[in-house]
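Step one of this worksheet: look at the structure below.
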Amino acid sequence: MNKSLLNYTLRIADNNLILGHRLSEWCGHGPILEQDIALTNIALDLVGQARNYFQLAAEIKGGGATEDDFAYLRDVYDFQNVLLTEQPNGHFGETITRQFFFDVFNYYFTQALTKSTNSQLAAIAEKSLKEITYHLRFSSEWMIRLGDGTEESHAKMQQAVDDLWMFTGEAFQADALDLEMVENGVGVKLEEIKPYFDQKVTDILDQATLSLPEGNWMQKGGKQGKHSEHLGFILAELQFLQRAYPGAKW
């Protein structure tokens with residue numbers, strides 16, 4: 001149980017860390033100052049949430065483990081984040097679309113996680129939910145503004161939806177770990193939050209005059225440590241200092 005709980009906690013943390021790091025790449029490069037700051041703040045929220053989960057994971061593992069061990073000393077195949085979170089930023093509209101899809105999932109997932117029988121996971125989820133609610137509002141508003149904007153912005157947003165939709169299904173594909181955690185009352189029943197995800201996405205895309213691509217094929221593998229080439233580059237930057245100077249402290 002402890003090993004499964006550890007991996008489940010790391011899976012949640014990894015999603016937040018990798019997407020948070022991705023968003024941090026916008027710092028100083030946003031289209032306008034206000035949105036530059038907004039994206040950076042969301043990145044900080046996600047990394048902060050990842051820290052809370054990593055600290056719990058360190059407590060579960062014991063033996064002197066720390067949150068830094070999980071962030072900086074694991075290799076690509078040890079990370080369990082969904083593939084959506086590691087996709088490149090692209091232009092602002094692509095970043096917003098990626099964020100929106102993750103935010104909708106993350107909102108309903110975290111909301112359900114507040115009912116976990118594991119009091120520590122539930123507490124972290126409860127603490128995170130207010131931030132995640134803001135994230136979802138932010139990305140939803142921009143989906144509508146850009147999708148129902150100019151002809152050019154609409155076309156770019158539709159292309160982003162078409163390109164990124166295939167990465168959304170993985171979050172709801174329950175594997176053995178998900179099922180075990182549900183059986184123990186710890187985890188989230190993914191099939192129960194999927195209808196809420198679908199309805200929210202449909203509602204926002206309708207307002208944005210955007211449509212989902214046809215076909216149901218979805219990418220998968222991230223939850224099992226099978227990642228795109230993008231994650232390796234993320235970790236090369238994220239982990240450089242600790243790898244180059246092991247044990248370095250500020």
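The values are calculated or read from the model by the stated rules, or taken from the named source; none is laboratory data. Since this is a predicted model, take the numbers as computed values, not measurements. Here the Cβ is made from the backbone with ideal geometry for all residues, glycine too, and neighbour counts use every protein chain on show.
Could you check, for region 127-147, whether at least one of its residues is in contact with a Pro (Cβ under 7 Å, 6 or more places away or on another chain), more than 17 Å from ASN15 (Cβ to Cβ), of a type outside the set (D, E, K, R) and part of a helix (DSSP H, G or I)? Checked against the condition, which is being in contact with a Pro (Cβ under 7 Å, 6 or more places away or on another chain), more than 17 Å from ASN15 (Cβ to Cβ), of a type outside the set (D, E, K, R) and part of a helix (DSSP H, G or I), region 127-147 yields no hits at all.
When VAL182, VAL188, VAL161 are checked against the criterion of being of a type in the set (Val, Ile, Thr) and without any contact (Cβ under 8 Å) to a residue 12 or more places away in the chain, a single residue qualifies: VAL182.
Residue-wise test of (1) surrounded by 20 or more Cβ atoms within 10 Å (Cβ to Cβ); (2) of a type outside the set (A, V, I, L, M, F, W, C); (3) under 19 Å from the mean Cα position of the chain (by Cα).
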{"residue": "SER116", "(1), (2), (3)": "yes, yes, no"}
{"residue": "GLU183", "(1), (2), (3)": "no, yes, no"}
{"residue": "GLY187", "(1), (2), (3)": "yes, yes, yes"}
{"residue": "LYS194", "(1), (2), (3)": "no, yes, yes"}
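Please note which helices (runs of 4 or more DSSP H) are completely contained in region 1-90 and include at least 3 residues that are among the polar types (S, T, N, Q), more than 25 Å from ALA244 (Cβ to Cβ) and touching an Asp or Glu at 6+ places or on another chain (Cβ under 7 Å). Please lay out each step first, then the result.
On the way: elements: 2-24, 33-61, 67-72.
By residue number, no helices (runs of 4 or more DSSP H) qualify.
Taken together, TYR107, TYR8 contain a single residue that is within 13 Å of the chain's Cα centre (by Cα) and either closer than 22 Å to SER140 by Cβ or surrounded by 24 or more Cβ atoms within 10 Å (Cβ to Cβ) (or both), which is TYR107. Within region 161-177, the set of residues being among the acidic types (Asp, Glu) and over 22 Å from GLY187 (Cα atoms) comprises ASP162, ASP163. Within the span defined as region 206-219, every residue fails to be among the charged types (D, E, K, R), part of a helix (DSSP H, G or I), surrounded by 15 or more Cβ atoms within 10 Å (Cβ to Cβ) and modelled with pLDDT of 95 or more.
Which one is farthest from the chain's Cα centre (by Cα) among residues in region 146-158 that are surrounded by 15 or more Cβ atoms within 10 Å (Cβ to Cβ) and without any contact (Cβ under 8 Å) to a residue 60 or more places away in the chain? Filtering first and then ranking leaves GLY149.
Checking each residue in region 227-250 for being farther than 30 Å from ARG145 by Cβ, touching a residue at least 12 places away in the same chain (Cβ under 8 Å) and in a loop (DSSP other than H, G, I, E, B) picks out HIS227, GLN239. Looking at ALA112, is it without any contact (Cβ under 8 Å) to a residue 60 or more places away in the chain, in a helix (DSSP H, G or I) and either on the phi > 0 side of the Ramachandran plot or not charged (D, E, K, R) (or both)? It is false that ALA112 is without any contact (Cβ under 8 Å) to a residue 60 or more places away in the chain, in a helix (DSSP H, G or I) and either on the phi > 0 side of the Ramachandran plot or not charged (D, E, K, R) (or both).
Selection of region 50-77 for residues being out of contact with any His (no Cβ under 8 Å at 6 or more places or on another chain), among the hydroxyl-bearing types (Ser, Thr, Tyr) and surrounded by fewer than 19 Cβ atoms within 10 Å (Cβ to Cβ) yields THR66, TYR72.
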